Each structure stands twice: as structure tokens, then as C-alpha cells.
Amino acid sequence: MPSSERSRPLHRRVSFAGRLPIPSLAPAKFSPWTGILLALLLAGLSSPVNAQLPVQLPGPSNGTGAETDKSKASPKNSAPPQSVIADLQAKLAAAEKELKATSSPAQQGAGTPPGVPESEVLERQALLQRLVRAYEREIDHHKLLQQARERRQEAERRIAEWKEFPTPPPYSVLMLDELRDSARSAALTIEGLQAKLALAEGFSERAQQTLVASEKQMRQTSEALEAVRESPEKARLIWAHDLSRLRYRVAAATATMTEVSRKQIQEERDEMRQRALLLERQIRTAERSVRFSEQDLDKIKKQLDADAQALEAEIARALVEHPARRQAMESATARLRAARSAQPPTVSQSSKQGGRMAELTDRAELRRLQFDNLNLRIDMLRHLLDVTERARRFWEIRFAAAQTDDPQQSREAYDKVAPLLQTLHASRGYLHQQNDLLMAQLGELEAQLEETVSPARAAHLREMFEAYRQREGLYRRMLPRIDQFAQLIERWKTEFEQRQRVMPLPARIQQWTDVSSDTIGQIWNFELFAAEDTIEVDGQQITGRRSITVGKVLRALAILIIGYWVCSFIARLAERLAVKRFGIDSNLANILRQWMMVLLFAVLLVISLVSVKIPLTVFAFLGGALAIGVGFGTQNLLKNFISGILLLIERPLRLGDLIEIDGVRGRVTHIGFRSSTIRDGTGMEMFVPNSNLLERNLNNWTFSTARTRFTLRVGVAYGSSADQVRDVLLEEADRHEQVLKHPSPQVLLNDFGDNTLLFDLRFWLDIASDVDAEVVASDLRFMIEKSFNEAGIAFAYPQRDVHLNTAQPLHVQVVESPREAGNLEGHR
């Protein structure tokens, strides 16, 4: 172990029998009398009975000093310290004399009444030893109490007299760091002393309880002794009474000693509190005007450079030692391998070979451990060198942040330091974990060392134990440096956060704006994934990967949205120009507009991707990753989309066509790529998927022409003139404005019914101009009814007039052209 490690105080070095050597953040100052309190805890203050100690048999005590100890049992003692110490020294001398007298061989068994158990004789000797130790410790505690009281008074005087630093402001940041380190150390010391004080108060309370119990027992034995006259039992009761008085003396001395110890610890705590108050005043004074000068930075750099050079030199020495350690390990391993491959010829030689094999195995294990320790040492030194370099970088960042008042630059410095602190915490956790494992291994070795009986095996275990202790020293060397560096960064972060809290509102708003801007920038540049891209440089194809970030995706979407609006405007403008200026049919112009939108959107998509430098191969990635899921999820959408394209190509229907599908009749108002819209006679619009228009039966009333023939059936009574009926029907049909004149209306005598003559009036309508056939049929019925009344033509009874949407619907005939009108005879 390096001498620097051995010279550290106890709280930084823990022996093997102790706990895990976790270094403290600051050197806490604990009193050397902490062990006394722990010894009292182990001694069992509450019950001095049955103490079995290997001492000679003493004679009975004369009980001298019981009354003086009883008067001294009170925790309050107003006597001067010197007189108290002199009194305690006299009592100590008397107790030592009494212990010496009882321990003398000539006094063994003298004065001991018959029937006294040996345990009480041993207990009496143990009580006298404890009484001597209690007086010795009380004297020491009185001296320490006086010293602590003087130091506390000196600290109060210093805090009352201190006004300012001897040097004028501004003060060095290094001095401020030292003050803060001292304040942290004082806080930790106060915390430790507070814990010690609580422990001492517990000891004092237990000692007082023991004192009360001892006094009660002494009274009971005294009363029992007074009640007994001359008898064989009196000697035994005198012995018991003397033993109870001795217990009381020990309890009284212990109670007084613990109370003095408690006061000593309290004085030490108050002293540290005064020092902490002075440090707080000095820190507040220094914080008012602090400066981080270049001289301070140069001083720190020189120290760090010196540390780095020392570490590099130590690494170089370790590397020189490395080949020898490797050779020793390989040589030991080779000898072990050779011994394992050899076969012993006889049984006696086999037992000797087993011992030799165990020795070679232990030697190989030790050499490997030593070689691993050297590698660990080199790694630790390199890590320390890296920590030193990081510390240098931190001081440079801190210096740069101290020289500017810009909140943005301070925030950037803070963001640079924060990841460094996380790394240090991770390293510290790893080292603590490894140290825990090492302590477990040391515990196992110690247990094996206690159980072994072979000298050779014990020597090997001691060498292994020493090797593991060297590794423990490496961890203990590394942990304080990391803790010190982490503490430095945490303190600077605390300073930064304190400055942020007192920052004026305008600066705070500016900082919030900068932080929000940085956050948005990080989100904007967040990489979603990377896509392969091939570019040509000097005639060579170079394949690389491009980042697909959130910003690129948002810019591409923005271009698509704005471009889609522009493309839609251009396509609609082109549609209007095609209809108005070039006289193209509106249905054809609509098809041209939709195909133009498809082409323009495809071009727009390519332009948007290229403009933000997203390679087109991203679709290959998306296609490979999402093809299955998207294929199943969008199969209906794709089917309707393809059906929409086929509708635009084949044109089985057009805008304004009157169609009938699934019992619904209406006009086509829109043809899209996914669905089409139909408006029925009630004005309600129905969206029909394009695949239904291709897969199901579709009646297009206006596919080739908008002229359609309808038939209206009229029945008159027998006796009416058929010619007159025909003339009236034709006249009324000609009078209606929406009935076409060519082809001209026709009247046919359809049949001779049971009590009526049935006539069919055939007329033609142009349903492309939003003509309602039912309204026209109703108008004709009104007109025919009026004309028949004027002409005296009677309808047959019962009337069998056939109208639309009844059991005998209005018959319709669609013709291809006006020339074919006269040749159509059938009904549809």
C-alpha cells in the first residue's frame, strides 16, 4: 500500500475486520474516545453480575469509599476541574490499591466466608477492575472536557471578533471553494458528533438505571444484615452486602463517567457549531465579491499537470513490471499443466503428487491474482489520468462561464458538465460494487485462514490476503478522487442553480426562450431512422446513410400540404379553362383534372423529398417494414382506389348521369379515386365505393342519351269515341312544355278490358335537364282529367289509371338518338 494511503486518518482507512472502506466526502473529526463508548456498550453496563474473569481469589472489601461515590453519582459537579481530577486520582489510587490487595497470592481466599460461590469471587475482582477503568476514563474525559470547553470559548471569541478578511475583495474562487469544503467538513463533523451524543445519552441513561438498581439492592442487603444477629449466616450476608456496595460504586463511577463523556461530546459539538457559523459568515462575505482569475486557472492547471505527470510516470513503471508478471503467471500455469498431465506410477507417489499438485495450483492462482492486480492498477491509473483530464476540462468550462454574463453561455456550460457528473456517479457505483465483492472475498480468506492447520496453506492464504488487500488499496485510492471531483461539480451546479433563482425577470424570460429553442432544436434534429443513399462523386458511386429527422419529415409534410393546395388550384383552373375556352365536355374535364392531380402530387412528393434530402430509398425501407401490415389494413382502400382509376378510364358513368344501383336512383355528383357520390330525388347524398360500381349491376339512364320514353295508361268507359280519346291525349301531351316534340308522343289502344278501353300515352323526356318524370306524369293526369270532363268523356269505373311507383309502374323507354324514336316499341 502506498505511504500516502497509510498516512490517511482512521475514518479514511478501514481495517479488514471493519466495514467496506467507503471514503467520506470530507474529513470528519471524531474524538479518539469513541472507542471508549463502544467498549462500554460491549461491557454490559446494566448487569455486572456473573462476570467470569481468570483472576485470583480476593478477600472481602472493607467498603471504603461507598459514601463518597454516592455523593459523586450526581451528574452535576460544580467543583473546579483540577480539584475534581485530584479527587478522582485519589479514588483511583485507592481502587488500584484495593485491586492489588485482592489480586495478591497471599490474600487469595482470605476473608471469604464458607459457602460463597466462586462466581461471586470472580465477579468481585471484575468489579474492582471495572472501577479502576471507570476512574481512569473519567479523568481522561474531564481533561478532554476542559480542552473542548476552551476550544469552544476560543471559537466564540473568534466569531465575535471576526469582521472581514485581511485581504481586500474581490476574493479568489479557490478561497471560496476551500471555505465551502471546510463548511461541508464541519457539517459532517457536527452530524457525527450529534450521533455520538445520542449514543452517549443512551449510555448515560442505562448507567443511571443500573445505579438505581444497584442502590436498591444495596439497601435490601443492608436491611437483611441488620435483621440478623450472631449466626452462621451473618458472615455470608456481610459478604453479600460488601459485594452489593461494590456494584453500587462501579455503577456510580460509570454513571459519572458517561455523564462527563456526554458533556465532552456536547462541548465538541458546540465548538464545531461555532466554527460552522464563522465559516458561513466568511462564505457569505466572500460570495459578495468573488473572482475567477487567470492566475487561479493557471494554478489549478499546474497542479493538474503535475498530477497527470505523476500518474503517467506510475503507469510507465507498471508497464515495465507487466512483462515480468505475465511471465511469472505463464510459468506457474505451465508447471501446473505439466504436473496434471503426468501420471504417478505408484499409490505412495500419488499421495505425494497430490500435495505437489495443490502447491502448484495455489502458486498459479497467486501469480494470476498478482497479474490481475497489476492490470487493474494500470486501468485504475489510466482512469485517474482520465479523471484528471476531465477535471482540467471542467475548470476551463467553469472559467469560461465565470467570465461571461450571458445566460445562454452559462446554460451551455451547465449542459456540458451535467453528463460528466452522471459518468462519475456511474463510476463510483461500479467501484463500490467491486469493493463489496472484494470485501466478501477477503472475509472468505480470513475464515479459511482461521480454519487451516497447514503452515504452507496458511502462508499461501496470507499471500492471497495481502494481494486482495492491495486491490482494496487501489479501490480506496480511486474512490476519493472521484468523490472529490463529483463534489466539486455538484457544488458548482448548486451555485449555478442559486444564480438562476435570483436572476431578474427579463434575463429569466430570455433564458426560458433559449432553453425552449434548444429543446425544439433537439426535437427538430431527432433522428427517426437512417436510410441508405447513393451519390456520385467524381464519377464514382458512393453509398452512405442519411438521417431521417423529425425536421426533415415536418418540412416534407409542409411542402406536401402547401403544394397540394397549389396543385389543386392549378388543376381546377385547368378544368375551368378546358370547359370555357376549349369547349371540352365537363365530364372529360373532370377526368383530366383528377389525372392532373395524380401526376402533380407524384411530382410534388418527389420534390418534397429531394428538397429536404430524404432519399427515395426510404420507401423501400418503409415498404419492407410495413408492407404486410399496410397490405392487410388497406386492401379495401387499394381496391376502391384502383376501381376509381378504372372508372375514370372506362367511363361507365359521368357527372350528372342518372344511375340506379342497389335500388337507389340518383344523379352522380362526384367521382373520386376511392368513392363516388350520388344524390337521390330527396336531395340526400350517398357515398358508394368505386368497387361496388364495377362489381354490381348498374343502370345508367343517361349513358348514351338523356332522352327517355315514358308510358302513361288511361282507361275510359265503353261508348267513348276512341279517336276523340286519342286526339285529346296527343293534344295534352303536345301542350306540356317538358314533353319532347321529337320523337312525338304516341297513343296506342292497348286492350279491351272488362269494363274499360285501355289507352297508352307514350311521351319522351330529356332527363338530363333535371326533369322529374313523376311531376310530368302528374301534370299530364291533371290536364287529361280536365279535358275529358270538357269533352264529356267518362272514365271507366273503377278507374284503373296506372301511375309511378305503384303495382303497375310508369313504363320507360330509353333511345339512342332521335332517329330511333319512331322504331322503339318495347318497354323498359
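Here are the numbers:
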| item | result |
| --- | --- |
| Share of carbon and sulfur in the accessible heavy-atom surface of the stretch 660-796 [1.4 Å probe, %] | 47 percent |
| Coil-residue trypsin sites (Lys or Arg not before Pro) of the stretch 516-586, DSSP, other Cβ within 10 Å capped at 12 | Arg581 |
| Computed accessible area, Phe710, all protein chains, 1.4 angstrom probe, square angstrom | 10 Å² |
| Full-stretch length increase - Lys234, Arg726 - with 0.36 nm per residue and alpha-carbon distance subtracted | 160.9 nm |
| For Thr519, net neighbour charge (Lys/Arg +1, Asp/Glu -1) across residues whose Cβ lies under 14 Å away | -3 |
| Within-9-Å neighbourhood charge of Ala530 [Cβ basis; K, R +1; D, E -1] | 0 |
| Distance violations [Cα-Cα > 26 Å] among Lys91/Lys196; Lys91/Lys234; Lys143/Lys196 | Lys91/Lys196; Lys91/Lys234 |
| Loop-located trypsin sites (Lys or Arg not before Pro) in the stretch 714-785 whose Cβ has at most 12 other Cβ within 10 Å (DSSP) | Lys741 |
| In Å², nearest 10: area of His460 left accessible to a 1.4 Å probe | 20 Å² |
| Rounded percent of accessible protein surface that carbon and sulfur make up, the stretch 400-505, 1.4 Å probe | 50 percent |
| Geometric extent, Cα atoms of the stretch 506-608 - Rg, Dmax (angstrom) | 21.9, 67 |
| Solvent-accessible area per residue for the stretch 190-349 (1.4 angstrom probe, square angstrom) | 55 Å² |
| Loop-resident sites, the stretch 163-229, for GluC sites (Glu not before Pro), counting at most 14 other Cβ within 10 Å (DSSP) | Glu164 |
| Full-extension gain in nm, Arg288 to Ile642, via 0.36 nm per residue minus C-alpha separation | 119.7 nm |
| For a label point 7 Å along the Cα-to-beta-carbon line of Ser517, residues of the stretch 407-439 with backbone N under 19 Å | 407-416 |
| 19 Å Cα-Cα reach of Lys97 towards aspartates and glutamates, excluding residues that sit fewer than 8 places from it in its own chain | Glu67, Asp69, Asp87, Glu123, Glu136, Glu138, Asp242 |
| Separation in nanometres of the label points that stand 7 Å from Cα toward Cβ, at Ala316 and Lys97 | 7.1 nm |
| Net charge contributed by nearby residues that have their C-beta within less than 12 Å of Val132 (K/R +1, D/E -1) | +3 |
| Of all accessible heavy-atom area on the stretch 143-222, the percent that carbon and sulfur account for (1.4 Å) | 53 percent |
| Accessible area per residue, Å², the stretch 430-473 with all protein chains present, probe 1.4 Å | 57 Å² |
| Accessible heavy-atom area order of Phe782, Phe759, highest first, probe of 1.4 Å | Phe782, Phe759 |
| Potential lengthening between Arg696 and Gln220 on full extension [0.36 nm per residue; Cα-Cα distance subtracted] | 159.7 nm |
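The values are calculated or read from the model by the stated rules, or taken from the named source; none is laboratory data. Computed from a predicted model, the values in this text were never measured in an experiment. Neighbour counts run over all protein chains shown; Cβ positions are idealised from the backbone, glycine included. Each accessible area value is taken on the protein alone, full model and side chains, heavy atoms only, with ligands, DNA and RNA left out. Shrake-Rupley method; radii C 1.70, N 1.55, O 1.52, S 1.80 Å.
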